[in-house]
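Working notes, structure below.
Readers should treat all values here as calculations from the given coordinates under stated rules, not as data from a laboratory. Computed from a predicted structure; not experimentally measured. Please note: Cβ atoms are built from the backbone with ideal geometry, for glycine as well, and neighbour counts cover all protein chains shown.
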Amino acid sequence: MPQLRQNIITGDWVVIAPERAKRPTDYITADTVKVQSKTDCNFCVGRSAFETRIKKYDTEHIYIMPNKFPVFVENGDAKNTPRSYKVEEEFYRARFSTGGHDVVVIKNHNIDLPHFTRPIWVDLLEAFKKRYQYFDKEKDVVYTMPIYNHGREAGASIEHPHAQIFASNIIPNNISTEIHHTEKYFEHNGTCAFCDLIKHEKEFKKRIVFENKDFIAFTFYAARFPFEVWILPKMHNSRYENESNNKLANLSDCLIDVFKRLNNALNDPPLNFFIHNLPNTITETDYFHWHLEIAPRITGYGGYEMGSGNIIDVFSPELAAKFLRGKKWKN
């Protein structure tokens, strides 16, 4: 029997329809073959294109540069104010797309996300923290979001491993929904929905994939994608940039484990990960908890999902966690 499940963070409903599911092994992706060589890669250290680019941050394992085709433009021109204005006889609203758009490049061309070493993860996570602080404090943007597209099906147009950081002067739609719903949850229950989520998942146990002293990873109860995983800090914190570097090192251990499990179970599936953080327009809160979401892109959306906004997930999050933990699949 299909089951409707409500997302405790957004209030959205999804359909879990396991009778439509395949075996877990049927989600294993075909081997990915890289076609872009180092000699043709503009992201590689030593290439002329690399040497002429402005680098905003540089470590042993990564460097950051501005995106050549930014979605949000880092522009000091006073004319390009983030204030909205009316267009088309004042019928619609618009505004300049200002903020910032970084590319965070891993220097090793031949390494892939599931094989990132701990030093690479530490550099990457600390770079996210530095850029949060830069955009939030120096550029005064409204919202900053680091993301990673892994695989062409997940939106990676360049094979060289890289993340991106989007800094905008709007609050993204999904973040607005999370804030609105978790604030209502706090008003009704007097507790943080994310903290309650962690407590429940630790008691239920069946969806937990990884846990250490600072972080917990689990398949999400109201998953929008098969094998969707959420990672949360155990201690309440509404801002990623406030985490200590020691805790970010522990987060790297969590990410190494989870991505290794996804790789081993599904043969390096295309996926996205992104961090949801508190907007700069809101001070520290008791109701919002920063978190990282991993979305494997091994199925697509049909007309019902596109038309209704209600997602059908054909694979049980409980079975997904069991499979990721390495337990044998039974018919």
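Tabulated values for the structure
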| read-out | value |
| --- | --- |
| Net charge of neighbours whose Cβ lies under 13 Å from the Cβ of Ile294, counting Lys and Arg as +1 and Asp and Glu as -1 | +1 |
| Cα gyration tensor, region 77-128 - rounded (a/c under 1.5), prolate or oblate | prolate |
| Scattering curve values for the chain, log₁₀ I(q)/I(0), Debye with Cα scatterers, q = 0.07, 0.10, 0.11 Å⁻¹ | -0.30, -0.63, -0.77 |
| GNM result for the chain, Cα springs below 10 Å: residue of Asp253, Asp196, Asp40 fluctuating most strongly | Asp40 |
| Proximal lysines to Lys322, defined as alpha-carbon separation beneath 23 angstrom and excluding residues fewer than eight positions away on the same chain | Lys22, Lys199, Lys202, Lys205, Lys206, Lys213, Lys234, Lys260, Lys330 |
| Residue (of Gly303, Ser238, Ala94) at the positive-pole extreme of the chain, dipole from beta-carbon charges | Gly303 |
| Shape call, region 156-211: gyration tensor on alpha carbons, a/c limit 1.5 | oblate |
| Region 197-331: relative contact order in percent, alpha carbon pairs under 8 Å with at least 6 residues between | 33 percent |
| Phe210 long-range amide H proximity, modeled H, under 5 Å | Ala217 |
| Unsatisfied cross-links (Cα-Cα over 22 Å) in the set Lys139/Lys184; Lys38/Lys68; Lys55/Lys129; Lys107/Lys247; Lys107/Lys137; Lys130/Lys184 | Lys139/Lys184; Lys107/Lys247; Lys107/Lys137; Lys130/Lys184 |
| Where only alpha carbons of region 84-198 are counted, the Rg and the Dmax (Å) | 18.3, 55 |
| Highest-MSF residue in the chain out of Asn263, Asn189, Asn110 [GNM, Cα springs under 10 Å] | Asn189 |
| Environment charge of Asp214, counting only residues whose C-beta is closer than 12 Å and scoring Lys/Arg +1, Asp/Glu -1 | 0 |
| Relative contact order (percent, whole number), the chain, Cα cutoff 8 Å, 6+ residue spacing | 23 percent |
| Quotient of C-alpha Rg and 2.2 N^0.38 Å, computed over region 179-331 | 1.08 |
| Unpartnered cysteines - no second Cys beta carbon under 4.7 Å - across the chain | Cys254 |
| Rg(Cα)/(2.2 N^0.38 Å) for region 150-252, N = residue count | 1.24 |
| Cβ-based net charge around Asn237, under 14 Å, with every Lys or Arg adding one and every Asp or Glu removing one | -1 |
